[in-house]
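Novice: Supplied in structure tokens, the structure appears directly below.
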Amino acid sequence: MSSEFIPFHKPAIGEEEIRSVVETLRSGWLTTGPKVKTFEAEFARYTGSAHAVAVNSATAALHLALEAVGIKSGDEVIVPTMTFTATAEVVLYLGARPVLVDCRTDDLNIDVDRIEAAISNNTKAIIPVHIAGRPCAMDQILSIAQRHGLRVIEDAAHALPASHLGRKVGAIGDITCFSFYATKTITTGEGGMATTDNPEWSERMRMMSLHGISHDAWDRYTEQGSWYYEVVRPGFKYNMTDIAAALGIEQLKRCDDFYQARLRIAQRYDEAFADLPEIESPAGSSGMQHAWHLYIIQLNLDRINIDRRDFIKALNSRRIGTSVHFIPLHLHPFYKQTYGYRASDFPQASTAFERIVSLPIYPIMTEQDVSYVIGAVRDLVQEYRR
Ligand SMILES: Cc1ncc(COP(=O)(O)O)c(C=O)c1O
């Protein structure tokens, strides 16, 4: 047995990241400045989008994106129930209503076949979430959106780097929102980015991310001194610091290497569990690049005598950290009480929730760590096989 605990996630922070952050600390410029500008430019280039706006979380990016495309009180926005609460709470920030849709059973992404039934005259946008980094069926989602005149704001918190039918996530929907939270595929500690090809939306998001202060006015009046500014809307305080961007710039340089390392781990898990009918491995990824932020297995509960809770406990007692992505939104008190949702309204997500376990997958996992996790999962299956 391994003597060390294998955590669910450990960030890969190298000497370059440390050097870059220290250099920024010494530079005298800590908040939004030249490092943020560089990070935005590099990120836009990497994802193939025209504009990138750096903010302090994906939640902030999602909020700004919905605000920029004009979501307002009384509107409805389609949100998958199988997601983190951030995806839906931003809709509520604007006084609009998140309308939940069930997930697919295989990849846990939004069930595209159920989207149209959830659309009403008040629906203004869809927020597809690329669960685990596996892109949603964006061709179908874009065509539904076009038919009904809806905006598509992608929650790509898990999906860097990913692509669908040859298009990179970040350059597909109207606006795409990424997360650089500590556990994500690249990190700035806390951070996020919104990408878009539309200059008006990017300007709007930039302005609203910093109190609704007009940059035009700033530029126009610089000769009057740097103290002058004009507030054109009551905005938010969502800007990214240069300290965070210094970290992000270095992490982005390593993004492809990180991806290759996660891909290798996913392939090892796939091979190791292929002969176990007690476990369903994540859906295959032909026609797309899966970012492999998460590796979510689903237990076949009719083939084993252990439930998901005890399976996680057993892995934990073998010193392996795991997680669950996600507790579907409709099972949380707020959504049950506010909208009267019941477990049976979203049967696929409700059933999947009882079966899902996210295994550790991150670039600095060693070969031995991966072997150890594989061995522990296989042992448990053998022990509890019916
Ligand atoms: C699917 C999804 N969307 C949004 C977020 C929010 O990201 P952030 O913590 O950067 O606001 C997360 C974070 O875990 C997430 O998993």
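Novice: Starting from the Cα of LYS253, draw a straight line to each of the lysines and keep only those under 16 Å, dropping any in the same chain fewer than 8 residues away.
Specialist: Counting by Cα, and skipping residues close in sequence, LYS253 has these lysines nearby: LYS35, LYS37, LYS184.
Novice: Let me ask something else about it. Net charge within 15 Å of LEU64 by Cβ-Cβ distance, Lys/Arg positive one each and Asp/Glu negative one each, not counting LEU64 itself?
Specialist: Values: positive: LYS72, ARG151, ARG204, ARG206, ARG233, LYS237; negative: GLU40, GLU67, GLU89, GLU154, ASP155, ASP174, GLU200, GLU203.
Its environment carries a net charge of -2.
Novice: With everything on Cα atoms, drop me the angle between helix 138-148 and the longest principal axis of the chain, reported from 0 to 90° to the nearest 10.
Specialist: 60 degrees
Novice: Further question: What distance in nm separates the simple spin-label points at TYR339 and THR183, each placed 7 Å from Cα in the Cβ direction?
Specialist: 2.3 nm
Novice: Percent of accessible area on region 274-385 owned by carbon and sulfur, 1.4 Å probe? Don't jump to the answer; show the numbers that get you there.
Specialist: Numbers: 2350 of 5010 Å².
Of all accessible area on region 274-385, carbon and sulfur atoms account for 47 percent.
Novice: Please give the contour-minus-distance gain from GLU200 to THR31: 0.36 nm per residue of separation, less the Cα-Cα distance, rounded to one decimal in nm. Mind dumping the intermediate values first?
Specialist: Details: separation 169, 0.36 × 169 = 60.84 nm, distance 2.43 nm.
Roughly 58.4 nm would be gained on extension.
Novice: Which of ARG167, ARG233, ARG308 ends up with the largest GNM mean-square fluctuation for the chain, with Cα atoms connected below 10 Å?
Specialist: ARG233
Novice: Quick check on the chain: of the DSSP beta bridges with both residues there, what percent are antiparallel, nearest 5%? Provide the component values of the computation, followed by the final result.
Specialist: Numbers: 26 of 42 bridges.
Of the beta bridges lying entirely in the chain, close to 60 percent run antiparallel.
Novice: Additional query: Determine the dipole magnitude for region 217-313: charges of +1 sit on the beta-carbon of Lys and Arg, -1 on that of Asp and Glu, nothing else is charged, the reference point is the Cα centre, and the result goes in debye to the nearest 20. Could you put the intermediate results ahead of the total?
Specialist: Values: 12 positive and 15 negative charges, 43 e Å.
Here region 217-313 has a charge dipole of around 200 debye.
Novice: Here's a follow-up. What's the magnitude of the charge dipole for the chain around its Cα centre, counting Lys and Arg as +1 and Asp and Glu as -1 at the beta-carbon? Answer in Debye, nearest 20.
Specialist: On the way: 39 positive and 47 negative charges, 91 e Å.
So the dipole magnitude of the chain works out to roughly 440 debye.
Novice: Quick one: which residues, 5+ away or cross-chain, put their amide H under 5 Å from the amide H of VAL101? H built at 1.01 Å from N.
Specialist: VAL79, THR81
Novice: 222 nm [θ] for the chain, helices only, -39500 (n - 2.57) per DSSP H run of 4+, per residue, to 500? Intermediate results must be reported in sequence, preceding the final value.
Specialist: Details: 13 runs with 147 residues, N = 386.
Here the helix-only value at 222 nm equals -11500 deg cm²/dmol.
Novice: Here's something else I'd like to know. Please give every one of the lysines within straight-line cross-link reach of LYS124, meaning a C-alpha to C-alpha distance under 28 Å, and leave out same-chain neighbours fewer than 8 residues apart.
Specialist: Partners found: LYS72, LYS168, LYS237, LYS336.
Novice: Given PRO234, ALA68, SER317, which one lies farthest toward the positive end of the charge dipole of the chain, if we put +1 on the Cβ of every Lys and Arg and -1 on the Cβ of every Asp and Glu?
Specialist: SER317
Novice: Next up: Among rounded, prolate and oblate, which fits region 259-386 when a ≥ b ≥ c are the square roots of the eigenvalues of its C-alpha gyration tensor, a/c under 1.5 means rounded, and a/b larger than b/c means prolate?
Specialist: Values: a/c = 1.89, a/b = 1.42, b/c = 1.33.
Since a/c reaches 1.5 and a/b is larger than b/c, the shape of region 259-386 is classed as prolate.
Novice: How large is the accessible surface per residue of the chain, computed with a 1.4 Å probe and reported in Å² as a whole number? Walk me through the numbers before you get to the answer.
Specialist: Working: 16720 Å² over 386 residues.
Result: 43 Å² of accessible area for each residue.
The values are calculated or read from the model by the stated rules, or taken from the named source; none is laboratory data. All figures in this text were calculated on a predicted structure; none of them were measured in a lab. So basically every Cβ, Gly included, is an ideal-geometry build from the backbone, and we count neighbours across all protein chains shown. Calculation scope for accessible area: heavy atoms of the full protein, side chains included, ligands and nucleic acids excluded. Shrake-Rupley method; radii C 1.70, N 1.55, O 1.52, S 1.80 Å.
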